[in-house]
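Chemist: Before I ask anything, let me first share the structure, which is written out below as structure tokens.
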Amino acid sequence: GAVVSQHPSRVICKSGTSVKIECRSLDFQATTMFWYRQFPKQSLMLMATSNEGSKATYEQGVEKDKFLINHASLTLSTLTVTSAHPEDSSFYICSARATDSTGGLYNEQFFGPGTRLTVL
Amino acid sequence: SQKIEQNSEALNIQEGKTATLTCNYTNYSPAYLQWYRQDPGRGPVFLLLIRENEKEKRKERLKVTFDTTLKQSLFHITASQPADSATYLCALVSGYSTLTFGKGTMLLVSP
């Protein structure tokens, strides 16, 4: 089956530093990748949609200058949390949507295992 | 405003029984609905997708129904096992093909 990996799985950083999270589709090409954030006992909230080779589309209320997204290849998207603060501590999850042989998009999204970010 | 509601209270059942989880939504016209399983500290895992013109979908011990009139989906696990214990999320997909998730319902299956 389609596998999505994330790295790192956990990161602890000091306030004011930047953290980069990688999301990779291991055995398929993902034209579109999504980044979500999940607070404890809350639903996954979509932060942004990233399409390979173009700028990410951010959801309302998500600061694009704070959460930098790069989708440079069909198998890799990165999320950089710049100048992280304690309120950015959360569980960040990416997902990828595969394309079929005709270039159409599958409906199913494959999720990574998540990255737990703790900002001290 | 758009809302997806799943029972926030954990569902406790005994092994072997059928678990039924509910997902209600308002102010949505979803093209399709998906159910995911999420274990603690892990990303969601896709289980089933049902389209707006489908009433029911099955996969092994799982069954999903979708009633667009009631704006409700039911998710059933038959012959439940302790390994089925997890949080189950429903997610709606509307015109822009993005997923909007409910908060999920925790299922606890005791031996």
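Since every read-out is calculated from the coordinates, none of them should be taken as a lab result. Owing to the predicted nature of the structure, the values given are computational and were not obtained by experimental measurement. Positions of Cβ are generated from backbone atoms using ideal geometry, with glycine treated the same way; all protein chains shown enter the neighbour counts.
Chemist: What percent does the relative contact order of chain A come to when contacts are Cα pairs within less than 8 Å and at least six residues apart? Could the numbers behind the result be given before it?
Modeler: Values: 301 pairs, mean separation 42.7, N = 120.
Across chain A, relative contact order equals 36 percent.
Chemist: Can you put B:SER8, A:SER89, B:SER80 in order of Cβ neighbours within 10 angstrom, beginning with the fewest?
Modeler: Values: B:SER8 11, A:SER89 16, B:SER80 22.
By the 10 Å Cβ count, ascending, the order reads B:SER8, A:SER89, B:SER80.
Chemist: Let me ask something else. Compute the Kirkwood hydrodynamic radius of region B:22-111, taking the inverse of the mean of 1/r over all pairs of distinct Cα atoms, and give it in Å to one decimal.
Modeler: Working: mean 1/r = 0.0744 Å⁻¹.
About 13.4 Å for region B:22-111.
Chemist: Could I ask something else about it? Between A:SER25, A:SER43, A:SER83, which gets the highest mean-square fluctuation from a Gaussian network model of chain A, Cα cutoff 10 Å?
Modeler: A:SER43
Chemist: Could you tally the net charge around A:LEU76, taking each other residue with its Cβ under 13 Å from the Cβ of A:LEU76, Lys/Arg +1 and Asp/Glu -1? Working shown, then result.
Modeler: Details: positive: A:LYS20, A:ARG24; negative: A:GLU22, A:GLU52.
My count for the surroundings of A:LEU76 gives 0.
Chemist: Treat each spin label as a single point 7 Å out from the Cα along the C-beta direction, and report the A:ASN70 to B:GLU5 distance in nm.
Modeler: Calculated label separation equals 4.5 nm.
Chemist: Go through region A:75-86 residue by residue and turn each phi into a ³J(HN,Hα) via Karplus (6.51, -1.76, 1.60, θ = phi - 60°); whole Hz please, and just put x for glycine and proline.
Modeler: So the Karplus estimates, Gly and Pro as x, are 10, 9, 10, 10, 10, 10, 8, 8, 6, 5, 10, x Hz.
Chemist: What is the antiparallel percent of DSSP beta bridges lying wholly in chain B, to the nearest 5?
Modeler: Values: 39 of 43 bridges.
Rounded to the nearest five, the antiparallel share is 90 percent.
Chemist: Hey, which of these cross-link pairs are over 19 Å Cα-Cα: A:LYS41/B:LYS59; B:LYS3/B:LYS57; B:LYS17/B:LYS59; B:LYS3/B:LYS71; A:LYS41/A:LYS66?
Modeler: Values: A:LYS41/B:LYS59 28 Å; B:LYS3/B:LYS57 23 Å; B:LYS17/B:LYS59 17 Å; B:LYS3/B:LYS71 11 Å; A:LYS41/A:LYS66 24 Å.
Those over the limit are A:LYS41/B:LYS59; B:LYS3/B:LYS57; A:LYS41/A:LYS66.
Chemist: Moving on to the next point. Spin-label point model (7 Å from Cα, Cβ direction): what's the B:ALA31 to A:THR80 distance in nm?
Modeler: Using points 7 Å along Cα→Cβ, the separation is 3.3 nm.
Chemist: Still on this structure, please answer the following. Between B:THR68 and residues 5 or more places away or on another chain, which pairs have amide H atoms under 5 Å apart, with H built 1.01 Å from N, and which residues are they?
Modeler: Amide H to amide H, under 5 Å and 5 or more residues apart or across chains, B:THR68 pairs with nothing.
Chemist: Using a 10 Å cut-off on Cβ to Cβ distances, tally the other chain neighbours for every residue of B:99-109 and report the average as a whole number. If you can, show how the numbers build up before the last one.
Modeler: Working: counts 9, 4, 7, 2, 5, 5, 0, 1, 0, 0, 0.
The mean count of partner-chain Cβ atoms within 10 Å per residue comes to 3.
Chemist: Out of all DSSP beta bridges in the protein assembly as shown, what portion is antiparallel? Express it as a percent rounded to 5.
Modeler: Working: 77 of 85 bridges.
Roughly 90 percent of the DSSP beta bridges within the protein assembly as shown come out antiparallel.
Chemist: For the protein assembly as shown, list the cysteines whose Cβ sits under 4.7 Å from no other cysteine Cβ?
Modeler: A:CYS13
Chemist: Would you mind estimating how fast the protein assembly as shown diffuses translationally, via Stokes-Einstein at 20 °C and 1.002 mPa s with the Kirkwood radius over Cα pairs, in µm²/s? Don't skip to the answer; put the middle values down first.
Modeler: Details: Rh = 18.3 Å.
It comes out at roughly 117 µm²/s.
Chemist: A further question on this structure: What ranking, highest mean first, results for peptides B:15-21, B:73-79 when packing means the other Cβ atoms within 10 Å averaged over each residue? Write out the running numbers ahead of the final one.
Modeler: Numbers: B:15-21: 15.6, B:73-79: 18.7.
Ranked by mean Cβ neighbours within 10 Å, highest first: B:73-79, B:15-21.
Chemist: Over chain A, with a Gaussian network built from C-alpha contacts below 10 Å, which listed residue (A:THR31, A:THR57, A:THR17) shows the highest mean-square fluctuation?
Modeler: Per the Cα network of chain A with a 10 Å cutoff, A:THR17 tops the list.
Chemist: Work out how far the C-alpha atoms of chain A reach from end to end along every principal axis, then list the three figures in whole Å, largest first.
Modeler: 46, 26, 23
Chemist: Quick check: residue separation of B:ASN53 and B:HIS76 times 0.36 nm, minus the Cα distance between them. What number comes out in nm?
Modeler: Values: separation 23, 0.36 × 23 = 8.28 nm, distance 1.92 nm.
Gain on stretching B:ASN53 to B:HIS76: 6.4 nm.
Chemist: Additional query: At 7 Å along Cα-to-Cβ for each site, give me the label-to-label distance between A:THR17 and B:VAL45 in nm.
Modeler: Modelled inter-label distance: 3.3 nm.
Chemist: How many angstrom separate the Cα center of region A:1-79 from the Cα center of region B:47-111?
Modeler: First find each Cα centre; the distance between them is then 25 Å.
Chemist: Give the average, rounded to an integer, of partner chain Cβ atoms located within 10 angstrom of each Cβ in A:108-120. Could the numbers behind the result be given before it?
Modeler: Values: counts 4, 9, 4, 8, 3, 5, 5, 1, 1, 0, 0, 0, 0.
Averaged over the peptide's residues, the number is 3.
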